[in-house]
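First up is the structure itself, then whatever we jot down about it.
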Amino acid sequence: MILLTGGAGFIGSCFLKFLNDNGFFDIIVVDHLSKSEKWKNLVGKKFIDYYNKDEFLYFFESKKFTNIKFDAIFHLGACTNTYESNVDYLISNNFRYSVRLAQYAAEKDIRFVYASSAATYGAGELGYDDNLVFELKPLNPYGYSKYLFDCWVVKNGLDKQFVGLKFFNVYGPNEYHKGEMASMVFKSFNQVRGTGKIKLFKSNHPEFSDGEQKRDFIYVKDVVSLIWLVFEKGLAGIYNIGTGKARSWNSLAFAVFSCLGVNPGIEYIDIPKELEQQYQNFTQAKMDKLISKVGNFEFTSLEDGVSDYINNFLLKDWKYM
């Protein structure tokens with residue numbers, strides 16, 4: 001039996017599809033659907049049961065699941081809104097909830113794979129090295145909530161037993177409910193279809209020209225394959241999940257224009273004041289540690305990932321994976 005939190009979310013639902021495609025159906029999904037369109041991410045997926053995250057925690061702590069033996073817990077659920085300013089909420093939802101599940105997994109000797117984030121690296125002053133934990137300085141409350149749990153795992157020696165995955169800039173199908181937190185690929189697609197142009201932030205740093213700020217973009221299909229690979233190989237520790245190759249926002253925009261057959265038209269706008277102090281101009285995952293454990297992995301290029309996403313999902317009547 002597999003427990004999958006965040007199973008209706010972006011990465012979680014794609015991983016649920018991956019599990020189904022590989023013959024796994026004994027799965028309990030935990031998430032928070034509310035009034036969003038996120039429920040559509042579950043259409044066509046196979047699983048034993050679904051629980052709201054708060055309901056599940058109540059049943060979980062009241063011993064309702066004592067007769068169920070979980071073989072693995074994939075804890076991908078979290079509030080990922082980098083604009084969220086309620087720090088108490090983020091610590092309760094992203095840190096305390098994770099601690100409760102982790103303690104249970106440790107007590108029962110259950111394999112535990114959880115989602116961390118590249119947001120823990122802050123401005124990247126120390127680089128994007130997944131050997132670093134306590135030294136990091138996140139720039140926003142979301143990143144801090146993820147940093148807290150990474151620190152808790154290491155302080156308790158559970159990095160020798162659990163796997164934490166620091167996701168970089170993930171894009172792909174099933175992210176449609178994320179609003180402002182959706183990838184720039186999805187936003188760019190909608191902008192081009194609506195206005196024929198793409199809006200990108202002007203640079204706020206002399207080292208970068210407008211649109212030449214760079215991120216490590218990784219296609220969600222690669223992400224779910226890597227989640228399974230680290231689990232299948234029995235790894236433990238905290239690992240970056242990126243491509244190890246930073247690409248510019250301009251490159252992303254040109255890939256979208258090319259895929260849609262539209263002449264490039266980019267408008268550079270000022271970075272909102274609320275983002276200025278937490279804006280990352282450059283991210284690039286250091287992938288040595290993971291690659292040394294799993295061997296060479298063929299990452300999808302940004303151009304190929306954008307093409308697959310647009311042609312096989314966004315342009316289809318049913319755009320879900």
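Just so it is clear, none of the values below were taken in a lab; they were calculated from the coordinates. Values in this document were obtained by computation on a predicted structure and should not be read as measured data. When we count neighbours, we look across all protein chains shown, and the Cβ atoms used for this are built from the backbone with ideal geometry, even at glycine.
Quick one: grab the alpha carbon gyration tensor of region 191-321, order the square roots of its eigenvalues as a ≥ b ≥ c, and give me rounded if a/c is under 1.5, else prolate or oblate depending on whether a/b is larger than b/c. Write down the numbers at each step before the final one.
Values: a/c = 2.43, a/b = 1.34, b/c = 1.81.
Because a/c hits 1.5 or more and a/b fails to exceed b/c, region 191-321 counts as oblate.
Express as a percent, rounded to the nearest 5, the fraction of DSSP beta bridges in region 1-83 (both residues included) that run antiparallel. Can you show the working numbers first?
On the way: 0 of 12 bridges.
About 0 percent, rounded to the nearest 5.
Provide the three semi-axes, in whole Å and in decreasing order, of the ellipsoid equivalent to the chain as defined by the square roots of 5 times the Cα gyration tensor eigenvalues.
Working: eigenvalues 197, 103, 69 Å².
They are 31, 23, 19 Å, listed largest first.
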Query raised in the report: What is the extension gain from Glu298 to Glu274, computed as 0.36 nm multiplied by their sequence separation minus the C-alpha to C-alpha distance, in nm to one decimal?
Result: 4.9 nm
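Semi-axes, largest first, in whole Å: what does sqrt of 5 times each Cα gyration tensor eigenvalue give for region 252-319? Show your work: numbers first, answer last.
Working: eigenvalues 142, 117, 27 Å².
After scaling each eigenvalue by five and taking roots: 27, 24, 12 Å.
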Report task. Using θ = phi - 60° and the Karplus relation 6.51 cos²θ - 1.76 cosθ + 1.60, list the HN-Hα couplings for region 66-71 in order, rounded to whole Hz, with x at every Gly or Pro. Result -> 5, 8, 9, 9, 7, 7
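With only Lys, Arg, Asp and Glu charged, each at its Cβ (+1 for the first two, -1 for the last two), find how big the charge dipole of the chain is about the Cα centre; round to the nearest 20 debye. Numbers along the way, then the final one.
Details: 37 positive and 37 negative charges, 106 e Å.
Its charge dipole is roughly 500 debye.
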**Report entry** For region 31-41, 3J(HN,Hα) per residue [Karplus equation, 6.51 cos²θ - 1.76 cosθ + 1.60, θ = phi - 60°, Hz, x = Gly/Pro]
**Finding:** 6, 9, 8, 6, 9, 7, 8, 4, 4, 5, 5
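Evaluate E = 1/(1 + (r/R0)^6) for Ile266 and Arg96, where r is the Cβ-Cβ distance and R0 equals 45 Å; express this FRET efficiency to the nearest 0.05. It would help to have the intermediate numbers written out before the result.
Values: r = 42 Å, r/R0 = 0.94.
For R0 = 45 Å, the calculated efficiency reads 0.60.
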Query raised in the report: Dipole size in debye (nearest 20) for region 101-182 around its Cα centre, Lys and Arg Cβ +1, Asp and Glu Cβ -1?
Result: 180
Report summary line: Taking region 200-267, the whole-percent share of alpha-carbon pairs separated by over 15 angstrom is 65
Query raised in the report: If we count other beta carbons within 10 Å of each Cβ, what is the order of Cys151, Cys14, Cys79, fewest first?
Result: Cys151, Cys79, Cys14
Query - Unit charges on C-beta of K, R, D, E only; dipole of region 1-98, Debye - result: 180
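Taking the number of other C-beta atoms within 10 Å as the exposure measure, put Asp222, Asp49 in order starting with the fewest. Write down the numbers at each step before the final one.
Details: Asp222 19, Asp49 9.
Ranked by crowding around the Cβ, least crowded first: Asp49, Asp222.
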Query raised in the report: Whose amide H sits under 5 Å from the amide H of Tyr268, counting only residues 5 or more places off or on another chain, with H placed in the peptide plane?
Result: Leu200
